[in-house]
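The values are calculated or read from the model by the stated rules, or taken from the named source; none is laboratory data. Note that the structure is a prediction, hence the values are computed from the model and not measured. Ideal geometry is used to build each Cβ from the backbone, glycine not excepted, and the neighbour counts take in all protein chains shown. Only protein heavy atoms, including side chains, enter the accessible area calculation; ligands, DNA and RNA are left aside. Shrake-Rupley method; radii C 1.70, N 1.55, O 1.52, S 1.80 Å.
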Amino acid sequence: MEDEFNVTYVTLDGLVEVKKYGYVYFLIMFTVYILIICCNSTIVYLICTNKNLHDPMYIFIAALLLNSVLYSTVVYPKLLIDFLSEKQIISYSVCLCQFYLFYVVGSSEFLLLSAMAYDRYVSICKPLQYTTIMRKTTVSIILFFAWLLPAGHIALPTILSTEAKLCNFTLKGIFCNNAVYRLHCVTSRVITVYGVVALLDLAVLPMLFIIFTYTKIFLITYKSCREVRKKAADTCLPHLLVLISFSCLSLYDISIARLESDFPKTARLIMMLQIVLYHPLLNPLIYGLKMKEISKHLKRLFCPAK
C-alpha cells in the first residue's frame, strides 16, 4: 500500500485480538521492557563501578547484557505503539531498518558468547598465560569485531531487499524479522545463498567453537581436582544456559519465516513473543544468581549492611 509521497507501508498482522486486549498487551509488555532495562542495566552498572569486576569475563558479561537491552529496544518501542494503534503498520524502509538492527544485535550475541567461551578456556586450561593472552587490547578488539562483523554481514541482504519489488504488503508477524522475504515478488538467489553464509558465519561456526572450547574445558577439569571442577562449573554453567536459551529462540526465529500461512495465528504470536521475551530477562537472572561475585555485589546494593 502506498501513499501520495510514494512511501510503501507494510501491515503487521501478527497480533491477536489487539482491539480487545491492546491495553492488557501494552501493560504486560511495558512492564517486561522496564524490567529488562532495569535488571540488565543494574548488573552493567555494578560491573562498571566495581574494580574487582573489571576482569575480561565480567566485561564480556556486561557487553552481553548491554546487547540484551539493545536487542529489546529494537523491538519493544514499536510493539508498544502497535498495541495502542488502530492499525499496525510500518513503512518498508523502517521495517528493513528494524530487520537490520535485530539481526546485527542478535548475531552479536553468538559472537559474544564465543568470546566468553574462549575467555573461560584460557582461564581454566592456560591459567599461567591468561594475563598475557587476555589483555585489555585483546578484549577491546574482540568486542569491536563482535559488533562489526554482524553489521557488515547483514548489510548486503538489507540493501538487496530495499531494491526488491513487493507483491505482498502484509507481514505475518509482530516485528520485521526474516519473514520480510515473503513480501518479495521473487525469491532472490543471492539473498538466499548469502543468508546461508551469514547463518554459518554468525551462528553455526560460533556455536561449534563454543562446543569445542567447552569440551576441552570439561576434559581437562575432569582430570583435575575437585576445586578446579567446581570453579569451571561456577563460571561455565551460566554461559551454557544462556547459549542453550538463545539458540532455541534463534531456531524459533529461523523456522517462523518458513512456516506455512495456515499455521495458527495464536501459536505464531506465542512463538514470536518468546524470541523477545525470555532471553533478555533470563540473562541478568542467570548471571545475577549464578555468578558469585555479581550476586555478592547485588546483595550489597539491595541489602546494605546496617
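Just a few scattered comments:
- Cβ-Cβ distances below 8 Å connect the following pairs, each with a first residue in segment 124-147 that is at negative phi and at pLDDT below 90, a second residue that is aliphatic (A, V, I, L, M) and open to solvent by 40 Å² or more (accessible area, probe 1.4 Å), and a separation of six or more residues or different chains: ILE124/ILE220; ILE124/VAL228; CYS125/ILE220; LYS126/ILE133.
- The listed residue being of a type outside the set (Gly, Ala, Ser), more than 23 Å from VAL74 (Cα to Cα) and assigned to a loop (DSSP other than H, G, I, E, B), out of VAL190, VAL186, VAL197, VAL204: VAL186
- Pairs where the first residue, in segment 225-238, is closer than 13 Å to LYS290 by Cβ and surrounded by fewer than 14 Cβ atoms within 10 Å (Cβ to Cβ) and the second is basic (Lys, Arg) and modelled with pLDDT of 70 or more, C-beta under 9 Å, 6+ apart: ASP234/LYS290; ASP234/LYS292; LEU237/LYS290
- So CYS176, is it open to solvent by less than 70 Å² (accessible area, probe 1.4 Å), on the phi < 0 side of the Ramachandran plot and of a type outside the set (A, V, I, L, M): yes
- Some residue of segment 108-122 being open to solvent by less than 30 Å² (accessible area, probe 1.4 Å) and more than 18 Å from ILE141 (Cα to Cα): no
- Residue match in segment 154-173 (condition: in contact with a His (Cβ under 6 Å, 6 or more places away or on another chain), modelled with pLDDT of 85 or more, open to solvent by 20 Å² or more (accessible area, probe 1.4 Å) and not polar (S, T, N, Q)): yes
- Applying the set (1) farther than 17 Å from SER295 by Cα; (2) touching a helix residue (DSSP H, G or I) at 6+ places or on another chain (Cβ under 8 Å) to LEU53 leaves exactly one unmet item: (1).
- Residue within segment 256-276 that is more than 16 Å from GLY14 (Cβ to Cβ), open to solvent by 20 Å² or more (accessible area, probe 1.4 Å) and modelled with pLDDT under 80 present: no
- Check on LEU46, open to solvent by 70 Å² or more (accessible area, probe 1.4 Å) and of a type outside the set (Gly, Ala, Ser): no
Yes or no, residue by residue, for (1) in contact with an Asp or Glu (Cβ under 8 Å, 6 or more places away or on another chain); (2) over 29 Å from TYR121 (Cα atoms); (3) not aliphatic (A, V, I, L, M):
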{"site": "CYS167", "(1), (2), (3)": "no, yes, yes"}
{"site": "ILE174", "(1), (2), (3)": "yes, yes, no"}
{"site": "ASN177", "(1), (2), (3)": "yes, yes, yes"}
{"site": "ARG182", "(1), (2), (3)": "no, yes, yes"}
{"site": "VAL190", "(1), (2), (3)": "no, yes, no"}
{"site": "ALA198", "(1), (2), (3)": "no, no, no"}
{"site": "LYS223", "(1), (2), (3)": "no, no, yes"}
{"site": "ARG226", "(1), (2), (3)": "no, no, yes"}
{"site": "THR235", "(1), (2), (3)": "no, no, yes"}
